[in-house]
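The values are calculated or read from the model by the stated rules, or taken from the named source; none is laboratory data. As the structure is a computational prediction, the values presented were derived from the model and not from experiment. Ideal geometry is used to build each Cβ from the backbone, glycine not excepted, and the neighbour counts take in all protein chains shown. In case anyone asks, the SASA skips ligands and DNA or RNA and just uses the protein heavy atoms, side chains included. Shrake-Rupley method; radii C 1.70, N 1.55, O 1.52, S 1.80 Å.
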Amino acid sequence: MDWAPRVKPIKIRQLYRYARLGIYDDLLLHDVGWELYARCRDIATVADVYREGRVPCPKCSTKVPRRIDPLFSSAEGGTRENWFRCSHCTKRLLWRDCRQSLRTTPRCFDCGSVLQKTDELGCVCGKTWSPEAYKQSVRTRVRLPCPHCLNLVRRPDPPARERTVRTRKPRPELQCPKCQAVALHQHGNIECTACGYKRRWRDYRKSLKKKDERLECSSCEYTFRWQTWCQSARSLRTGNPRPAREFIKRWLRCYTPQQRMIQIDTLLQTLHGRGPLAPLFIDSGEHNIRQMLDDLAS
């Protein structure tokens, strides 16, 4: 994949040096802003791959579905929690998404208005909560607003566990990794009946987990490997793509140099508060990036 490069720190320092003097260099704002936008878009793309299980083709960018659903695979960064769809906007949700949305932006449970944060959380309809009472209510309620359409949705019931009778499963037929003949699992090893290949069963199972997955694009018929794609996106993977998504939405709505500078500053201050996230955007060492963000914040 042709990923966007990280932004050079010298450009960011020069941009802030001009802004301190009240000068907005349109060319520099354009370069820094759109470089950050391209980087944020790539970070969001990689996060979507691990969330949706659809990998963009390196040649034509067509999304190729993987053989597994990472949403239900904890090994791929997914979750074991049950997904459901909002009955109003049909968006796929987790119940923790509804709770996290209220923790970030507290809203009234009745009218949906954003609560005013003072000593108490107050709504325009006259209702008030203490911060502790509101957190407790969010944790215990069974009906919360959808984070997309703000309509109330009900917490889904956990799936009923079916009682199954344990039966002895037949041993699957194994293939020798060397000659593809029939192999046996015995005495803690995998042993081939034809060529005499022998290996510890534990090591053999680990090699299966690390086995590369081949993906083929349906549009251009290009074939690539999942592990190779993961290695190319290693510098873009994060468990917190929210700052990148917010910058993508807000940057396209900026029409003046002042608005662009505000959005760049907002993103950098967010990265300053979340130190490990900054090296994904800025091309320098972690210590140098932290020192630069400290200087810009002061």
Could you tell me what percent of the DSSP beta bridges with both partners in the chain are antiparallel, to the nearest 5?
-> 95
Accessible surface of Asp97 in the full protein assembly, 1.4 angstrom probe, to the nearest 10 Å²?
-> 50
Give the shape of the chain as rounded, prolate or oblate, defined through the alpha-carbon gyration tensor: a ≥ b ≥ c are the square roots of its eigenvalues, a/c under 1.5 means rounded, and otherwise the shape is prolate if a/b is larger than b/c and oblate if not.
-> oblate
Is there a pair in Lys63/Lys178; Lys91/Lys127; Lys91/Lys249; Lys63/Lys249; Lys8/Lys117 whose C-alpha atoms are over 26 Å apart, and which pairs would that be?
-> Lys63/Lys178; Lys91/Lys127; Lys8/Lys117
Packing-ranked peptide list from 136-144, 50-58, 224-232, highest mean Cβ count within 10 angstrom first, is 50-58, 224-232, 136-144
List every residue whose amide H lies under 5 Å from the amide H of Leu174, counting only residues 5 or more places away in sequence or on a different chain, with H placed 1.01 Å from N in the peptide plane.
-> Ala183
Anyone know which of Cys195, Cys254, Cys40 comes out most mobile in the 10 Å Cα GNM of the chain?
-> Cys195
Lys and Arg at +1, Asp and Glu at -1: add these up for the other residues within a Cβ distance under 12 Å of Lys127 and post the number.
-> -1
Residues whose placed amide H lies under 5 Å from that of Gly112, excluding near-sequence neighbours = none
Karplus-derived 3J(HN,Hα) from phi for segment 280-287 (6.51 cos²θ - 1.76 cosθ + 1.60, θ = phi - 60°), whole Hz, x at Gly and Pro, runs 6, 10, 10, 8, 5, x, 4, 5
Of Pro156, Cys111, Leu144, farthest towards positive along the dipole that unit charges on Lys, Arg, Asp, Glu beta carbons give segment 110-163 | Pro156
Quote the charge dipole size of the chain about the Cα centre in Debye, to the nearest 20; the model charges only the Cβ of Lys and Arg (+1) and of Asp and Glu (-1).
-> 1460
Could you give the dipole magnitude of segment 228-298 about its Cα centre, charging the beta-carbon of Lys and Arg +1 and that of Asp and Glu -1, in debye to the nearest 20?
-> 440
Of all accessible heavy-atom area on the chain, the percent that carbon and sulfur account for (1.4 Å) | 46
